[in-house]
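Notes for the one structure printed next.
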Amino acid sequence: MLSFRQLLWLFFNLAFILLSQCTHAKDLKSSCHTCKQIADNFIKGLDQTKKQNFGGGNTAWEERALSKYETSEIRLVEILENLCESSSFDCNHMVEEHEDHFETWWFKRQKKHPDLYKWFCIDTINVCCLKGTFGPDCNACVGGSERPCHGNGVCDGDGTRGGNGRCNCDHGYKGEFCLDCIDGYFNEIRNDTFSLCTECHSSCKTCTGLTNEDCEKCKTGWGEDDEGACLDVNECLNDPPLCKEDQYCLNTDGSFSCKGCDKVCSGCTEAGPDKCQSCAPGYQDTEGTCTDVNECEQPDAVCTAGNQECVNNKGSYICICASGYEEQEGVCVTIPEPEENEEDADTEKNQLEQTRKSIWSKCTRWL
């Protein structure tokens, strides 16, 4: 029997192996992506340089002496230099590592193998596979290489040397071959190699057709009637009510929500001041609508302390001191007149004396 230490050692080794395999599979997928990007950029480089020449003053002489620019090493170098972003380590490393393959293809294989991606990425450095195949040996994906996953999903590792070939099904589909339908969908068409999953009616959890009469089982929030059709359950008719006293219930297909009543209401059936069960304090029923009560116009005064006046607001009122009064310790008292100081009195006396002299001077002239 293995000891605890031996079991722990075995566990960590198995975990390391599994992690290494996952990392390796991810690297294989990444390598194929990088290679395809390089091949695509190479074709773009061909297009960008097709109208260029050696760039010297005597192009005709240079082409005779150094061969045609179209198939020259100079053009190849110019294309290779622009295949990768300077920050892309994987791309630059792959180009540097396999530069001799690019030269071979450029000078010897280009005419016989015009598809650079297939020749370089698939057949030469073996980091990619043809579409519909996967893994180290480029085996066919589940469902076949022509229609992986029977056209209803994505093959893991499709077109790369990584992955496991299993199907990641599109929404609505499930199963190893992506031929079965998930809950809420049904097989409108189905055979051994083709499946079309169509969405059920919104009331159905499972179904055999498009309408609410084709439900095998109703979703939560829906109930079956006497004829077997799934209909919406109106939760707002529930007793006791599902919403709080200051809320009203809004029924929706298959569900409900609780909404806040208008602030003028004390309980309500819907939104708005005309849907109140009763009016909140400070409001009154006016022909079926809750409106503000103007407490300041009531026969009995609401501001009873001396020297106060009433100010109405929505749903309430406040008492404030009348003009000429101010609040001191909860009582409205008269605002005292400002005392006149001696300097102000002398100034006023001098102004009166100047006015008197001016009037006397005018009167003298008239006489």
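The values are calculated or read from the model by the stated rules, or taken from the named source; none is laboratory data. All values reported here derive from a predicted model rather than from experimental measurement. Every residue, glycine among them, receives a Cβ derived from its backbone with ideal geometry; neighbour counts consider all protein chains shown. Heavy atoms of the whole protein, side chains included, go into the accessibility calculation; ligands, DNA and RNA do not. Shrake-Rupley method; radii C 1.70, N 1.55, O 1.52, S 1.80 Å.
Report whether or not residue 214 is of a type outside the set (Gly, Ala, Ser), in contact with a Ser or Thr (Cβ under 7 Å, 6 or more places away or on another chain) and either open to solvent by 80 Å² or more (accessible area, probe 1.4 Å) or at pLDDT 95 or above (or both).
yes
Residue 250 - would you say it is under 44 Å from the mean Cα position of the chain (by Cα), closer than 30 Å to residue 201 by Cβ, part of a loop (DSSP other than H, G, I, E, B) and of a type in the set (A, V, I, L, M)?
On the way: under 44 Å from the mean Cα position of the chain (by Cα): yes; closer than 30 Å to residue 201 by Cβ: yes; part of a loop (DSSP other than H, G, I, E, B): no; of a type in the set (A, V, I, L, M): yes.
For residue 250, the condition - under 44 Å from the mean Cα position of the chain (by Cα), closer than 30 Å to residue 201 by Cβ, part of a loop (DSSP other than H, G, I, E, B) and of a type in the set (A, V, I, L, M) - is not met.
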Checked pairs for segment 170-195, first in contact (Cβ under 8 Å) with a residue 12 or more places away in the chain, second hydroxyl-bearing (Ser, Thr, Tyr) and not in a strand (DSSP E or B), C-beta under 8 Å and 6 or more apart or across chains, list as 186/208
Only unsatisfied item for residue 59, checking (1) modelled with pLDDT under 85; (2) surrounded by 13 or more Cβ atoms within 10 Å (Cβ to Cβ), is (2)
Within segment 228-241, of all residues that are part of a loop (DSSP other than H, G, I, E, B), modelled with pLDDT of 95 or more and of a type outside the set (Gly, Ala, Ser), the one surrounded by the fewest Cβ atoms within 10 Å (Cβ to Cβ) is 234
In segment 129-172, anything open to solvent by 70 Å² or more (accessible area, probe 1.4 Å) and either part of a strand (DSSP E or B) or more than 25 Å from residue 187 (Cβ to Cβ) (or both) is listed as 130, 131, 136, 137, 139, 154, 164, 168
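When residues of segment 99-128 are filtered for being part of a loop (DSSP other than H, G, I, E, B) and of a type in the set (S, T, N, Q), how many remain?
Start the filter on segment 99-128 by keeping residues that are part of a loop (DSSP other than H, G, I, E, B), which leaves 110-115, 125-127.
Then keep just the ones that are of a type in the set (S, T, N, Q); that gives 110, 126.
Residues that pass the stated criteria total 2.
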Only one of 301, 322 is farther than 30 Å from residue 208 by Cα, open to solvent by 40 Å² or more (accessible area, probe 1.4 Å), without any contact (Cβ under 8 Å) to a residue 40 or more places away in the chain and hydrophobic (A, V, I, L, M, F, W, C), namely 301
